[in-house]
Amino acid sequence: MVVSEAGCGGTVGGGTAEHTMIERARGFDGAPELVDIEHTPEAHGTLCSGRQTIALVALARGDEPVLAAICDALRDGRVGTLHLSRAGISFEVGATAPHRLTTDAAGFRFATILGRLDTLTIVGGGHCALALARVMATLPFRIVVVDDRPELPTLADNRFADEIRTVDYSELAAHVPEGDRSWVVVMTFGHAHDETALRALAGHRVRYLGLMGSAAKVTQLFAAMRTDGVPADFLASIHAPVGVPIGSHTPEEIAVSIAAEIIRERSVTS
């Protein structure tokens, strides 16, 4: 969170703790320090319980190049590591040091990654994809939408995706990054295209693979794929029907249900 006389940007959690820190930050020009906040009725009048440790670091004009580097990296879709310590603030563009706080007699050292490490590939660019991109754009994901129909109106309307590609679904694996930072949702305009996309990703290691469709569609599609030799363990790993079951029907409701499942999966396995 950044606090200045002109206003505030970001948050450290809201509530009385944030209010306390905003008041303390205004006019602060001391050496960087850690502030421990206990969430009890006696300490801060809250029932939340637990504690927060917040670093308070005064910024000066000499820090402007660091802040500019952070803004440039985030605007360009790059990542980097923010460092806070008794020495002040620094930023390493491209570095991905683990999130960590250490304290010792010399003071404290804090590191955290800024930017979007995770990529969500939405396979299919229709109305549900547009709604999902809109919701996921509020979360720290780089969003790539792929479709085999270059003239699709909803692709042209999708200003939330970082990248839109025209892709033959049989070659999908070449356009989906592998690894624990890769998330994929398949929502093409027909089960035949869904099957082509899923077959292309069999054996392709991603963090999460979801398929949109009714339970009946999923059952029939997976049965046919198993009969045709697609590994059962791959099919079992697919989140299908995709999304948290909240009775969603509209593209916007479906998007919320999928985003909720992705958030839950990321939280459980992080």
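Only protein atoms count toward the accessible area here, which uses a 1.4 Å probe; on the chain, the carbon and sulfur part of that area reaches 53 percent.
Solvent-accessible surface of protein heavy atoms, probed at 1.4 angstrom with all chains present, puts E42, E23, E195 in the order E42, E23, E195, largest first.
So the label point goes 7 Å from the Cα of C71 along Cα→C-beta, right? Which residues of the range 112-133 then have their backbone N under 18 Å from it? Counting backbone N atoms under 18 Å from the label point, the list is 114-115. Between S170 and E265, the FRET efficiency estimated from the beta carbon spacing at R0 = 25 angstrom works out to 0.40. Think of a 1.4 Å ball rolled over the protein heavy atoms: the chain then has 53 Å² of accessible area per residue. If the segment from C8 to A223 were pulled out straight at 0.36 nm per residue, it would be longer than the present Cα-Cα gap by 71.9 nm. Once the Cβ-Cβ distance of T40 and T112 is raised to the sixth power relative to R0 = 35 Å, the FRET efficiency obtained is 0.85.
In terms of accessible area, using a 1.4 Å probe and ignoring ligands and nucleic acids, R159, R199, R205 rank largest first as R159, R205, R199.
Taking 0.36 nm per residue of separation and subtracting the current Cα-Cα distance, fully stretching the chain between L56 and M1 would add 18.8 nm. Computed from the C-beta positions of A236 and D180 and an R0 of 22 Å, the FRET efficiency is 0.70 to the nearest 0.05. Remark: the T102-R159 segment gains 16.5 nm on full extension, using 0.36 nm per residue and subtracting the alpha carbon distance.
The values are calculated or read from the model by the stated rules, or taken from the named source; none is laboratory data. Because the structure is predicted, anything quoted here is derived from the model rather than measured. Neighbour counts run over all protein chains shown; Cβ positions are idealised from the backbone, glycine included. SASA here: full protein model, heavy atoms, side chains in, ligands and nucleic acids out. Shrake-Rupley method; radii C 1.70, N 1.55, O 1.52, S 1.80 Å.
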